[in-house]
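The values are calculated or read from the model by the stated rules, or taken from the named source; none is laboratory data. Model, not experiment: these values are computed from the prediction. Here the Cβ positions follow ideal geometry from the backbone for every residue, glycine too, while neighbour counts run over all protein chains shown.
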């Protein structure tokens, strides 16, 4: 039932609609026009009041032909950069760019699949439950769309996020993530005339970071410092320094231990330099997303496995170290897994996707919907 040529054409059309985070309006309204032309109800929530996107999340309601529990599918509207004026190349079955921009298969491959599915459901006398499509904004800058989604508009309690790479790999576990900021306040002084009167905040920060673990700490935990700033002039002892980073783990306990480790290290180093009230060291931690894990015995996992078997796919369940809207949905009580669309080397200008894998992913989604109609 999947129309490969129609799917490929729609995908290429989507790739040429620029939709960086907070500027998803053109793409969102394009999609709303498509679904409304199919006589499906479309809603925009008011998440833009918090995300500051041009538009809210788009929710599409597809009435089922069976009176069963609804199921949802999600894809995010936004892309990372560079994205301006993409030159899309299709050769030997592969979509890619000229190497100057990202392709945008993350996540327009997921969007293209859902458009194709919507058309198939309209054209064919299939048995299926009510379906909801959720198209989120600002996923790439902190999962903001899903965090501010109006969940009162969603009736489904379980579903799938189309936002991973390999079609045969289903993500059933993802980590928690915290961002942190370490700030050091020292004392400025002339670096040549009286450096002994200063307290070098950059040097203190470097000592703190030097004794902290970074990179892969264990098989399910990582930590990274990505930004360091401090000082204004090379001849002035810097009185301020800041480091920003993140930590991820599939076990929340390990992240709490890392937070304590950071704070203890700050206290240890800062106290060794105390001159009156200075220096001052502090750390702030903010949760970005929460871990989830759905066991393979869960009916949702078994649904995908059964759908894959019908397509001769060897479905395997894997952990994913990145975050996605699925983290937020699961935390909010909407059980969901992450499906692959075939996209590869995402977030780079080498991003590409094989059309055959895109088509295969569309078949898997359709098979899941058909099997869902047969269940319960």
The condition of being assigned to a loop (DSSP other than H, G, I, E, B), surrounded by fewer than 19 Cβ atoms within 10 Å (Cβ to Cβ) and either assigned by TED's automatic domain parsing to the domain that holds residue 76 or in contact (Cβ under 8 Å) with a residue 60 or more places away in the chain (or both) holds, among 232, 166, only for 166
Would you call residue 256 within 29 Å of residue 293 (Cβ to Cβ) and out of contact with any strand residue (DSSP E or B) (no Cβ under 8 Å at 6 or more places or on another chain)?
yes
Filtering the range 235-252 down to residues that are surrounded by 15 or more Cβ atoms within 10 Å (Cβ to Cβ) and either under 31 Å from the mean Cα position of the chain (by Cα) or part of a helix (DSSP H, G or I) (or both) yields 241, 242, 243, 244, 245, 246, 247, 248, 249, 250
Being more than 19 Å from residue 337 (Cβ to Cβ) and assigned by TED's automatic domain parsing to the domain that holds residue 75 narrows 149, 153, 193 down to just 153
Checking the structure you have, find out if any residue of the range 201-220 is under 30 Å from residue 364 (Cβ atoms), modelled with pLDDT of 95 or more and either assigned by TED's automatic domain parsing to the domain that holds residue 190 or not in a strand (DSSP E or B) (or both).
no
With respect to residue 99, is the statement that it is assigned by TED's automatic domain parsing to the domain that holds residue 17 and either modelled with pLDDT under 95 or surrounded by fewer than 23 Cβ atoms within 10 Å (Cβ to Cβ) (or both) true?
yes
Go through 126, 121, 103 for me and flag whichever is in a helix (DSSP H, G or I) and under 26 Å from residue 337 (Cα atoms).
121
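Given the criterion under 21 Å from residue 167 (Cβ atoms), at pLDDT 95 or above and crowded, with 16+ Cβ neighbours inside 10 Å, identify the matching residue among 44, 72.
From the options 44, 72, the qualifying one is 72.
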Surrounded by fewer than 15 Cβ atoms within 10 Å (Cβ to Cβ), out of contact with any helix residue (DSSP H, G or I) (no Cβ under 7 Å at 6 or more places or on another chain) and either in a helix (DSSP H, G or I) or free of Cβ contacts under 8 Å to residues at least 40 places away in the same chain (or both): is that true of residue 264 in this structure?
yes
Here is a check on your reading of the model: is residue 183 at pLDDT 95 or above and assigned by TED's automatic domain parsing to the domain that holds residue 323?
no
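Out of curiosity, is residue 285 part of a strand (DSSP E or B), surrounded by fewer than 20 Cβ atoms within 10 Å (Cβ to Cβ), within 28 Å of the chain's Cα centre (by Cα) and not assigned by TED's automatic domain parsing to the domain that holds residue 214?
No; evaluated as a whole, the condition is false for this residue.
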For the range 129-138, which residues satisfy the criterion of being buried (at least 23 other Cβ atoms within 10 Å of the Cβ) and under 16 Å from residue 336 (Cα atoms)?
131, 133, 134, 135, 136
Qualifying residues in the range 344-357 (those that are within 20 Å of residue 5 (Cβ to Cβ) and within 19 Å of the chain's Cα centre (by Cα)) - the one surrounded by the most Cβ atoms within 10 Å (Cβ to Cβ)
353
For the range 198-213, check the following and say yes or no: at least one residue is closer than 30 Å to residue 292 by Cα and out of contact with any strand residue (DSSP E or B) (no Cβ under 7 Å at 6 or more places or on another chain).
yes
Just to confirm my filter: which strands (runs of 3 or more DSSP E) fall fully inside the range 1-94 and include at least 1 residues that are without any contact (Cβ under 8 Å) to a residue 12 or more places away in the chain?
88-91
